[in-house]
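A short write-up of the structure that comes next.
Derivation of every value follows stated rules applied to the coordinates shown; laboratory data play no part. No experiment lies behind these values; they were computed from the predicted model shown. In this analysis, Cβ positions are derived from the backbone assuming ideal geometry, glycine residues included, and neighbour counts consider all displayed protein chains.
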Amino acid sequence: MRLILLGPPGAGKGTQAQRLVATHGLVQLSTGDMLRAAVNAGTPVGLRAKELMARGELVPDDVVVAIVSDRIDEPDAHKGFILDGFPRTVPQAHALDRMLREKGLKLDAVIELKVDEGILLKRIERRIAETKARGESLRADDDPQVLHRRLLAYRDQTAPLATYYQLQNVLRSVDGMAPIPEVSNAIDRVLKMRAGERAPPARPPAEKAPRQAEKPSKSAKAAASQPAGAKKPGAVAKGRAKTKAPKAPAKTSKTKAKARKTAGRASAARKPPSRKSNRPRRLTKRH
């Protein structure tokens, strides 16, 4: 899962990112934290960014993109990550898209925390008071005037990202002024909806082809054509085979004689008649 949390400074992006890390096992990639770590380490990039951050200005794109790209390649980010505070401009968003494509990755959702800037100023003042009460040192941006400048920079440079990601159909807005638990529940609902949109549609169960009726055999056809109660042809044949032919009556002596006489007449009738010669007789004189 790869997410971006959008919102002006003080909108609660860091708080929600920490909760998502704990519940989903993701890695929070906060450019602010990475830059502050570079400042504390005294690296050339940190020294360059220190003055810019103190004035509430944005760090150059090439520096931020290089930091994020290297961080995504680390093993703990393979499961997923949350980008907090990056991208800040539309050119950075284009650079992020190119970088993700080169890595074969893409964003799953961009969640925008919508807040009221006037209330944000009151929040920062309250946070400064609480930090001082705990005896902790203030951050460079824990200043109402610095926050005001950062809000102006966000409005001019970062707010257009909402339109950019809306055109890509990955932007989802959440009321960031609600209590923290309600904001968390709203984000969870967004993620569930996005997971459902990405899931492939379930295939309908394959319909079984209608079973072809078996062709009736010849014997079945013959049986169907017989009237009710009629015997089967095979049974009739067997019955005929079992019936014995009646014996011829014994011949008597008179019958035998009569049969011989009849046979003689028949054979005589069958003999061809004798043919007489057609040659004329030769007449001779009598002396």
Item checked: Förster-model FRET efficiency, 25 Å R0, residue 197 and residue 70, C-beta, rounded to 0.05 -> 0.20
Checklist line | Modelled FRET efficiency - R0 25 Å, residue 43 with residue 137, Cβ distances, 0.05 increments | finding: 0.75
Checklist line | Cα-centred dipole magnitude for segment 1-146, charges only on beta-carbon of K, R (+1) and D, E (-1), debye, nearest 20 | finding: 260 debye
Check: Hey, rough spin-label estimate for residue 148 and residue 23, points 7 angstrom out along Cα→Cβ, what's it come to in nanometres?
Finding: 3.6 nm
Checklist line | Across 79/132; 50/132; 50/106; 132/192; 50/79; 79/122, pairs whose alpha-carbon gap is larger than 29 Å | finding: 79/132; 50/106; 132/192; 50/79; 79/122
Item checked: Cα centre as origin, Lys/Arg/Asp/Glu Cβ charges: segment 48-115 dipole, Debye -> 120 debye
Next item on the list: Take peptides 6-18, 178-190 and line them up by average Cβ neighbours within 10 Å, highest first, as a rough protection proxy.
Entry: 6-18, 178-190
